[in-house]
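Values quoted throughout were computed directly from the atomic coordinates according to the rules given, and no laboratory measurement underlies them. Quick caveat: nothing in here was measured; it's all calculated off a predicted structure. Ideal geometry is used to build each Cβ from the backbone, glycine not excepted, and the neighbour counts take in all protein chains shown.
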Amino acid sequence: MPPLLTLDGLSKSFGAVAALQDVRLELFGGEAHALVGENGAGKSTLVKILAGVYPPDAGTITLDGQPLSLSGPADARSAGIAVIYQEPTLFPDLSVAENIFIGRQPLRSLRRIDLAKMRARAAELFARLGVRLDPDRPARGLSIADQQLVEIAKAISLEARVLVMDEPTAALSGVEVERLFAVTRALRDAGAAVLFISHRFDEVFALCQRITVMRDGRRVSTGVTQSLTVDAVVRQMVGREVSAMFDKQPAAIGEPRLEVRGLTRHGVFADIGFTVHSGEIVALAGLVGAGRSEVIRAIFGIDRRDAGEVLVDGAALPNADTAAAIKAGIALVPEDRRQQGLVMELSVERNATLPRRWALTRAGLLFPGAESRAAATWAQRLQVKAARLTDPVATLSGGNQQKVVLAKWLATAPRVLIVDEPTRGIDVGTKAEVHRLLSTLAADGVAVLMVSSELPEVLGMADRVLVMHEGRLTADIPRARAGEEAVMLAATGQAAAA
Amino acid sequence: MMTVDAPPVRPQTRGARLARRAFLVRELGIALALGLLVAVTFAVNPRFLSAQNIKDLLLGSTILAILAVGQAIVVITRNVDLSVGSILGLSAFATGALFVAAPGTPIAVMLLAGVALGAVLGAVNGGLIATAKVPALVVTLGTLYVFRGLDYMWATGRQINAADMPPGFLRMGTDTVLGMPVLALFAAAVLIAVGYYLRHYRGGRELYAIGSDPAAARLSGIPAGRRVFAAFVASGALAGLAGVLHAARFGTIDANAGLGSELNVVAAVVVGGVAIFGGSGSVYGAALGAVLLTTIRAALPVLGISPFWQGAAVGALILAAIGLDRALSARVARSLRERNVTHV
Ligand SMILES: Nc1ncnc2c1ncn2[C@@H]1O[C@H](COP(=O)(O)OP(=O)(O)OP(=O)(O)O)[C@@H](O)[C@H]1O
Ligand SMILES: [Mg+2]
């Protein structure tokens, strides 16, 4: 069978950075194809070329045996290529339904938009994905996971022949991923070609028939999934042996550091109470929409709490006061790096040192030397791949942006570290490094509260797993008893484990 | 695979409803402010609501409202058009000059000529912005002076008087149909047409999308360059129309027509709840903003407030409008963050 889509000899450079070099890729109808590689390997660049966003410096795209030239995203779409970008591309002011159908809204007489039909079709798409999202609400304020769900709905609504998904699952938890896969498999079995990018190998192996590995902008190999193992793929990705999972080092559990009592926000979550001790890593697990991110936002004071209290080292924090929270030693690594984590136009080093400007000042003046030294230290530890630390963050690959967010907060030397999806979009090697870092911080006496949708990460890192369901804490499981099943049952509200 | 049992169906989020209502709240707010102002002024001086005065108010609002509608189209795309006052001036002077040169020109042709001239000038703005990749603020600040300069060169100190224009044309500036001034009917027609287009047509929605997130618009395949160009052409065309109406209303035209009105227009748009960063607001709000600003100007003398305070009053209104927007959007954002996905 001839391939549906062929990329041949694809190259692309950004200034001195060669993001892609002579890459060849073949996608077959009825098949899901995985693209894996470290952060900055060039995956998203390839996706953007396929989407018509960047013109390639060299190389050809062939669809159905015909050469395809793309002068913009509209061309790719009309050629039948649907793309989910790594960063959500939603319009905050438009409704969710409009976001899905922008530029191709269903029409009625006189070429007017058929609002009722558009709404109904959006609702239909969400039903297929098994989520209930109001098509009429504006996209503003959607969590990262919900934004991804809207992007997915948008892509499948195109009924495309080639479906490209750049880390669509990075913020989703098991149940949503399973639903996405069910829809994707249906599209694939109907003859579509799927290109799937993910740093989660269990997903890659569950969905894809073929795997292409990229390293430093080049294709390393393409193989049939059945003949590959996770270890083999990882080895090809990084070019050396790495342990995919870091073994948590034991830490002495000390005094209570962060205490949360009866925390409530009406209609969002209710009566949340738990304690994180110094040296402890506590994971907050649950499905998307269970209210995990909302709880930590309230703890940090971004959102006002309606009832309850938050104590750090026994001292109560004022309500809705982030400055006080930072002063008390809390650091929050948010899930939405574009909106809450980074200033995209500023340089890497500037971003990395933003929260600790005052610590780096001498007599009120900020010396560039101190700033870049601090940035360099953390950038190196987290292996941020940037041409120069003075480059704007917007030019980094998705995973590397996430590393800058982490660097930014780790550099503040917090007493309580709250991380929301800390390894979202981060590759295996660095993931292990982040885990090692969190573990070291805990060993140094920091209390770590981690929200994560990735079950292996939760089970591997946490001393204790708190599970939320529908805005309530349904389980508090110590490490010894935390297993996949126990967490999932509590997360789906089926069992209130002890 | 694991099974998930269905949670109880939750009614749709409060946030969605609130967000939908926020638009209404915003426009209602201006309407209320307007009502309050009129009521207070009326209480002080009942003549404020005489038929003649109402007519004057409507007439006074008309030109500003048309300009505000055009400006709103541009601001929604996260741009701004500072040259509208100069376009109005050129178009007004061209109207007079054309009547001097060809006294018999029908009114409809006159209106079309004004619109066409404005559209061409708008296209100059749009073209410069698209090709030079310079922010609209800078480009239209430049054309503000260039267009006005052309106006001065053309006029060379001349003034065109009512006597130079046909009486039928000048009557258009004062006539009423069923008690409504003809000019106000023009503005209403423009307002409804543009409002309907922005709400019900793909092109209109794409203007909002562009202003909401320009980068996402590019990734979504929206022809942003073309749409922004069209927005400037529309703004120019409406300013051109306003120029013809200006000539009809005032009768005498020199090169200073519409001088400095661009800031009034931007003020009306902002007071009317069109976000200066694009993506939200409506032309209805902008038009209401124009009416409100005009009414304030008329009401302050009646209330015995010195004209020196007028500027301050307008300024306070702008700040109040922005404050209201912040408060509203903070409220909406807060409730939008409530849990919004549920699993079926
Ligand atoms: N617009 C740009 N300007 C300059 N450099 C860029 C730009 N986009 C990407 N790059 C660089 O190209 C390289 C490849 O980036 P790309 O986003 O394709 O990586 P990726 O494989 O998707 O990584 P990740 O897993 O982190 O998403 C990186 O070194 C990145 O810094
Ligand atoms: Mg990427």
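Take each residue in A:109-120, count the other chain C-beta atoms within 10 Å of its C-beta, and the mean is 2. Residue by residue along B:198-206, Cβ atoms of other protein chains within 10 Å of the local Cβ number 5 on average.
Taking a ≥ b ≥ c as the square roots of the eigenvalues of the Cα gyration tensor of the range A:403-498, is the shape rounded (a/c under 1.5), prolate (a/b larger than b/c) or oblate? It is prolate, given that a/c is not under 1.5 and a/b is the larger ratio. Calculated mean residue ellipticity, 222 nm, chain B: -25000 deg cm²/dmol, from DSSP H runs (n ≥ 4) at -39500 (n - 2.57) each, averaged per residue and rounded to 500. Give me D for the protein assembly as shown in µm² s⁻¹, whole number, from Stokes-Einstein with Rh from the Kirkwood sum over alpha-carbon pairs, 37 °C and 0.692 mPa s. Estimated diffusion coefficient is 111 µm²/s.
With helices as the sole contributors, chain A gives -9500 deg cm²/dmol at 222 nm; each DSSP H run of n ≥ 4 counts as -39500 (n - 2.57), and the sum is divided by every residue. Cα-based values for the range B:53-103, radius of gyration first and Dmax second, are 14.3, 42 Å.
For the peptides B:289-297, A:314-322, the ranking by mean Cβ contacts within 10 Å, running from highest to lowest, is B:289-297, A:314-322. Shielding of peptide B:213-225 by partners, expressed as the average count of other chain Cβ atoms within 10 Å per residue Cβ, is 6.
Its Cα gyration tensor gives chain B an equivalent ellipsoid; the semi-axes, largest first and in whole Å, are 38, 26, 17. Extents of chain A, largest first, come to 68, 52, 47 Å (Cα atoms, principal axes, whole angstrom). Just report the Cα centroid separation between the range A:1-75 and the range B:291-323, whole Å. Value for the Cα centre distance between the two parts: 59 Å. Summary of the geometry: the range A:204-282 and the range A:121-165, compared by the centres of their Cα atoms, lie 25 Å apart. Its Cα centre serving as origin, the range B:31-187 has a Cβ charge dipole (Lys and Arg +1, Asp and Glu -1) of approximately 160 debye. Shape class of the range B:73-211 from the alpha-carbon gyration tensor: oblate, with a/c at 1.5 or above and b/c at least as large as a/b.
Size descriptors for the range A:1-136 (Cα atoms only): Rg and Dmax, in that order, 17.8, 52 Å. Based on the alpha-carbon gyration tensor of the range A:59-189 and its eigenvalue square roots a ≥ b ≥ c, which shape applies: rounded if a/c is under 1.5, prolate if not and a/b is larger than b/c, or oblate? It comes out oblate by the Cα gyration axes.
Highest mean packing first, where packing is the average number of other Cβ atoms within 10 Å per residue, the peptides A:289-298, A:122-131, A:160-169 line up as A:289-298, A:160-169, A:122-131. For the peptides A:268-277, A:471-480, A:111-120, the ranking by packing is A:268-277, A:471-480, A:111-120, with the highest mean count of neighbouring Cβ atoms within 10 Å listed first. Qualifying trypsin sites (Lys or Arg not before Pro) in the range B:70-153, where qualification requires a DSSP coil assignment and no more than 11 other C-beta atoms within 10 Å, comprise B:133.
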